[in-house]
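What follows is a short report on a single structure.
The values are calculated or read from the model by the stated rules, or taken from the named source; none is laboratory data. Everything numeric in this text was worked out from a predicted model, so none of it was measured. Positions of Cβ are backbone-derived with ideal geometry, glycine not excepted, and every protein chain shown enters the neighbour counts.
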Amino acid sequence: MFSVVIPIYNHAKFVRQAIWSALRSPLVHEILVIDDGSQDGSHKIAVEMAAAHSGRVRDLTPPSRGNRGAPERLNELVALARCEWVAVLNSDDVFVSGRFEAIVRHPEFPDCDFAFGNLLLIDERGALTGAKRGPLDSWTPFRPSLELLRMLAERRFMELLYEQNHLITTSNMVFRKSLHTRLGGFRPYRYVHDWDFALRAMLLGRPAYIRRFLTGYRIHRHNTILETEAKGNNETRTMLDRFREESARFADTRGMV
């Protein structure tokens, strides 16, 4: 039922655990991996896992193993997915046991085309260090004027996401392949490709918030989110400005129909 796509980059310490966490569920039909030019032996581990689980794990790394970035690799993987439902897993994260079963049991799942849930925070050793319940445990508190609980009850997820990226990571999303096609895939942002994709998915699709812990988000010293703050802030402003313009055009078009 689900295709899991894993872009790999210099996560030799974590990639085996990532793949194993996806293999646990019988609802995962296939696991597609591409190594994005790792220099630490990550690709060798992916090859070994593909050989050991040839019926479900497919190594799609091209012969020219250059570094093209997560957005491009994600788009390549989604294009090759055989299932309509796609789950992204970063190679340093893990899926919580029972996550796919919880997703398909959710009453809103049959009618949605984009879903997200809650996160467990883990360290380099995989030990639990904290948890985030979607917008309820955001990195920065929302403005009181937003009336968070009322907005959640009214399913105004996109408005909250516009304020800040409470999804945190691409590992915290599943979506229909057809929605990915409608959106034109992930855009080539280094720091906010996940945030941008989720905003557009909520604008054009039907989102569902599954209030279960679905993903283990690993925090370590090489997280992209910990890179230079200035570059991340500049990219965020560019992305949000573009989204604001696009959402205004969408609203105008919808009003004309």
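Identify, from the list Arg105, Arg187, the residue that is of a type in the set (Lys, Arg), modelled with pLDDT of 95 or more and out of contact with any helix residue (DSSP H, G or I) (no Cβ under 9 Å at 6 or more places or on another chain).
On the way: Arg187 fails: out of contact with any helix residue (DSSP H, G or I) (no Cβ under 9 Å at 6 or more places or on another chain).
One residue alone meets the criteria, Arg105.
Criterion applied to Ala102, Ala70 was being more than 22 Å from Tyr191 (Cα to Cα) and either among the hydroxyl-bearing types (Ser, Thr, Tyr) or within 19 Å of the chain's Cα centre (by Cα) (or both), and the one residue passing it is Ala102. Taking the criterion of being crowded, with 17+ Cβ neighbours inside 10 Å, over 21 Å from Ile6 (Cβ atoms) and modelled with pLDDT under 95, would at least one residue in segment 166-182 satisfy it? Yes; the residues of segment 166-182 include at least one that is crowded, with 17+ Cβ neighbours inside 10 Å, over 21 Å from Ile6 (Cβ atoms) and modelled with pLDDT under 95. Among the residues making up segment 62-91, those that are farther than 21 Å from Asp196 by Cα, out of contact with any Gly (no Cβ under 6 Å at 6 or more places or on another chain) and free of Cβ contacts under 8 Å to residues at least 40 places away in the same chain are Pro62, Pro63, Ser64.
Which count do you get for residues in segment 80-122 that are basic (Lys, Arg) and surrounded by fewer than 16 Cβ atoms within 10 Å (Cβ to Cβ)? Step through it out loud before you land on a result.
Kept after step one, since they are basic (Lys, Arg), are these residues of segment 80-122: 82, 99, 105.
Cutting the leftovers down to surrounded by fewer than 16 Cβ atoms within 10 Å (Cβ to Cβ) gives us 82, 105.
Residues in segment 80-122 being basic (Lys, Arg) and surrounded by fewer than 16 Cβ atoms within 10 Å (Cβ to Cβ): 2 in total.
When segment 160-181 is examined, which residues are found to be charged (D, E, K, R), in contact with a helix residue (DSSP H, G or I) (Cβ under 8 Å, 6 or more places away or on another chain) and under 13 Å from Ala115 (Cα atoms)?
As a first pass, look at segment 160-181 and keep what is charged (D, E, K, R): 163, 176-177.
Of the ones still in play, those that are also in contact with a helix residue (DSSP H, G or I) (Cβ under 8 Å, 6 or more places away or on another chain) are 163, 177.
If the condition is that a residue be charged (D, E, K, R), in contact with a helix residue (DSSP H, G or I) (Cβ under 8 Å, 6 or more places away or on another chain) and under 13 Å from Ala115 (Cα atoms), then Lys177 is the only one that fits.
Selection within segment 36-67: residues that are more than 12 Å from Ile19 (Cβ to Cβ) and surrounded by 15 or more Cβ atoms within 10 Å (Cβ to Cβ). The member of this set that is nearest to the chain's Cα centre (by Cα) is Asp36. Meeting the requirement of 1 or more residues that are touching a Phe, Trp or Tyr at 6+ places or on another chain (Cβ under 9 Å), closer than 19 Å to Ala201 by Cβ and at pLDDT 95 or above, the helices (runs of 4 or more DSSP H) wholly within segment 1-94 are 70-80.
Kindly establish whether Leu128 is over 19 Å from the mean Cα position of the chain (by Cα) and buried (at least 17 other Cβ atoms within 10 Å of the Cβ). Spelling it out, it is not the case that Leu128 is over 19 Å from the mean Cα position of the chain (by Cα) and buried (at least 17 other Cβ atoms within 10 Å of the Cβ).
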